[in-house]
Amino acid sequence: MKYWEIFVAFFIPGILGYGGGPSSIPLVQHEVVNRFGWLTMDEFANILALGNMLPGPIATKMAGYIGYEEGGLLGSLVAIGATVLPSLLAMMLLFKLIYKHKDSPKVKRMANMIRPVIAILLAGIALDFLLRTWGNSGGLQAVGIAVVSFFLLEKIKVHPAFVILLAMGYGAFILG
């Protein structure tokens, strides 16, 4: 039964998460935090941060980790398979249709209309993380890290990997 729950927890975000990782994060959060209660919101935030630091798709990294924590190696494989399966099935079944209409103005408008929804979902998670951080480790530090990161990324054009490493270093050595 546990493996079925792991499968469902990652298959549903895989089906509903239009556009891959970023859009499926709120859906994964709902499943593993709210529905199944495998993680607290703080644990989910830590896993999300760790997954963002590593190369590759975020959804599969999170699925692998959470699946392993809940069901060992088999749980990890089930979670990763459930995350990838919807896209794989869609590619196999709908390839010709998608390829035929890929340049359609209607399809492009639909994709453009979905982007703000994804941005709002991600902003909601970011706000939730900020509010939790404000009470736990100091909101001013979180805001400071965000402002410095924005400055480094936008004004100085530092590579995002270095900004992430700097923020990790600050968290590990100053806050740790």
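The values are calculated or read from the model by the stated rules, or taken from the named source; none is laboratory data. The model shown is predicted, which means the values in this text are computed figures rather than measured ones. Here the Cβ positions follow ideal geometry from the backbone for every residue, glycine too, while neighbour counts run over all protein chains shown. SASA here: full protein model, heavy atoms, side chains in, ligands and nucleic acids out. Shrake-Rupley method; radii C 1.70, N 1.55, O 1.52, S 1.80 Å.
The listed residues K96, K155, K108 rank as K96, K155, K108 when sorted by accessible area, largest first, using a 1.4 Å probe. Distance between the 7 Å Cα→Cβ label points at F95 and Y170: 4.6 nm.
The figure for K157 is an accessible area of roughly 140 square angstrom, using a 1.4 Å probe on the protein chains alone. Rolling a 1.4 angstrom probe over region 44-176 with all protein chains present gives an accessible area of which 73% lies on carbon and sulfur atoms. Can you tell me the FRET efficiency between H159 and E43 if r is taken as the Cβ-Cβ distance and R0 is 45 Å, rounded to the nearest 0.05? Calculated value: 0.95. F11 sits among other residues whose Cβ lies under 11 Å from its own Cβ, and their net charge, with Lys and Arg +1 and Asp and Glu -1, is -2. Remark: the chain carries 65 Å² of accessible area per residue (probe radius 1.4 Å; ligands, DNA and RNA excluded). Under the membrane-span-like helix rule (DSSP H runs whose alpha carbons stretch at least 30 Å along the helix axis, mean Kyte-Doolittle hydropathy 0.5 or higher), the chain yields 58-101, 105-133.
Other residues within the sphere of radius under 13 Å centred on the Cβ of P26, judged by their own Cβ, net out at -1 (K and R +1, D and E -1). Counting Lys and Arg as +1 and Asp and Glu as -1 over every other residue whose Cβ lies under 15 Å from the Cβ of K102, the net charge comes to +4.
A 1.4 Å probe, protein heavy atoms only, puts the accessible area of F150 near 120 Å². Modelled this way, with points 7 Å down the Cα-to-C-beta line, the labels at F150 and L74 are 4.9 nm from one another. Only alpha carbons enter this Debye calculation for the chain, each as an equal point scatterer, and the log10 of I(q)/I(0) it gives at q = 0.08, 0.09, 0.11, 0.20 Å⁻¹ is -0.30, -0.39, -0.57, -1.35. In terms of overall dimensions, region 1-65 has a Cα radius of gyration and Dmax of 10.9, 32 angstrom.
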